[in-house]
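Below is one structure, written out as structure tokens, with a few remarks after it.
The values are calculated or read from the model by the stated rules, or taken from the named source; none is laboratory data. Only a predicted model underlies this, so the values are computations on that prediction, with no experimental measurement involved. Heads up, the Cβs are rebuilt from the backbone with ideal geometry, glycines too, and the neighbour counts pull from every protein chain shown. Just the protein is used for accessible areas: all its heavy atoms, side chains included, with ligands, DNA and RNA removed. Shrake-Rupley method; radii C 1.70, N 1.55, O 1.52, S 1.80 Å.
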Amino acid sequence: MDLTEFLDGNAIVADLPVANKKGLFQALGGIAERTMGLTAKDVVDRLNERERLGTTGFGGGVAIPHGRIEGLDGIRAAFVRIEKPIDYGAIDDLPIDLAFMLLSPADAGADHLKALAQVSRRLRDRTFVANLRGAVTPDAIYALFAHTETRDAA
């Protein structure tokens, strides 16, 4: 599964100015509304609903907030690098500065889990994560995702 299949370059923000998890989820909802045609409130509600089950901050300054949304036509994603790390309640208790939001149709089942596993594998690669932190623009971040996918396919 290629992450760039569901990560639109317009859904990437290079230096998002948010102060906390609530602000992050609101910003992600706004990105989803602008780029995916979803309602920001619905996205925020789904992200919060999933977060109540346990943190999606998996350590190393990275989180993968995710959820399933009725009416979505396929798996969609957004990526943000946060301007200043925020407390997220991650499993390692460290603040996060990278968030990859994954949204799937309500009936996505195995496809949602496969996409989540792919994102998780990619974001556990320390070199890749360091490159994401050093990328200056959304286009550069998108190119990293695209280049990594191309490299892994070879």
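May I ask you to say which residue of GLY71, GLY60 is closer than 19 Å to VAL18 by Cα, of a type outside the set (S, T, N, Q) and over 12 Å from the mean Cα position of the chain (by Cα)? Steps first, answer last, please.
On the way: GLY71 fails: closer than 19 Å to VAL18 by Cα.
After ruling out the rest, the residue left standing is GLY60.
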Revision key, fill the gap. Residue pairs within 7 Å by beta carbon, gap of at least six or interchain, first lying in the range 119-144 and without any contact (Cβ under 8 Å) to a residue 24 or more places away in the chain, second open to solvent by less than 60 Å² (accessible area, probe 1.4 Å) and assigned to a loop (DSSP other than H, G, I, E, B), listed first then second, are LEU144/ALA135
Practice item. Residues being outside any helix (DSSP H, G or I), open to solvent by 50 Å² or more (accessible area, probe 1.4 Å) and closer than 16 Å to ALA78 by Cβ: count how many of those fall in the range 129-148. Key: 1
Check your understanding: Do the conditions hold for VAL80, that is, is it closer than 20 Å to PHE58 by Cα and part of a helix (DSSP H, G or I)?
Key -> no
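So that you can scan it fast, the table gives a plain yes or no per residue for (1) in a strand (DSSP E or B); (2) among the aliphatic types (A, V, I, L, M); (3) open to solvent by less than 30 Å² (accessible area, probe 1.4 Å):
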site: ASP8; (1), (2), (3): yes, no, no
site: LEU24; (1), (2), (3): no, yes, yes
site: ALA27; (1), (2), (3): no, yes, yes
site: ARG34; (1), (2), (3): no, no, no
site: ARG50; (1), (2), (3): no, no, no
site: THR55; (1), (2), (3): no, no, no
site: GLY67; (1), (2), (3): yes, no, yes
site: GLY74; (1), (2), (3): no, no, yes
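So is ILE86 open to solvent by less than 60 Å² (accessible area, probe 1.4 Å), without any contact (Cβ under 8 Å) to a residue 40 or more places away in the chain and among the aliphatic types (A, V, I, L, M) or not?
Numbers: open to solvent by less than 60 Å² (accessible area, probe 1.4 Å): yes; without any contact (Cβ under 8 Å) to a residue 40 or more places away in the chain: no; among the aliphatic types (A, V, I, L, M): yes.
For ILE86, the condition - open to solvent by less than 60 Å² (accessible area, probe 1.4 Å), without any contact (Cβ under 8 Å) to a residue 40 or more places away in the chain and among the aliphatic types (A, V, I, L, M) - is not met.
Give LEU116, LEU102, LEU94 a once-over and let me know the one that is in contact with a strand residue (DSSP E or B) (Cβ under 9 Å, 6 or more places away or on another chain), surrounded by 14 or more Cβ atoms within 10 Å (Cβ to Cβ) and assigned to a helix (DSSP H, G or I). So that I can check it myself, show each step before the final result.
Values: LEU102 fails: assigned to a helix (DSSP H, G or I); LEU94 fails: assigned to a helix (DSSP H, G or I).
None of the others qualify; the one that does is LEU116.
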Study note, to complete from the structure: Of those in the range 36-48 that are of a type in the set (A, V, I, L, M), in contact (Cβ under 8 Å) with a residue 40 or more places away in the chain and out of contact with any Phe, Trp or Tyr (no Cβ under 9 Å at 6 or more places or on another chain), the residue surrounded by the most Cβ atoms within 10 Å (Cβ to Cβ) is MET36
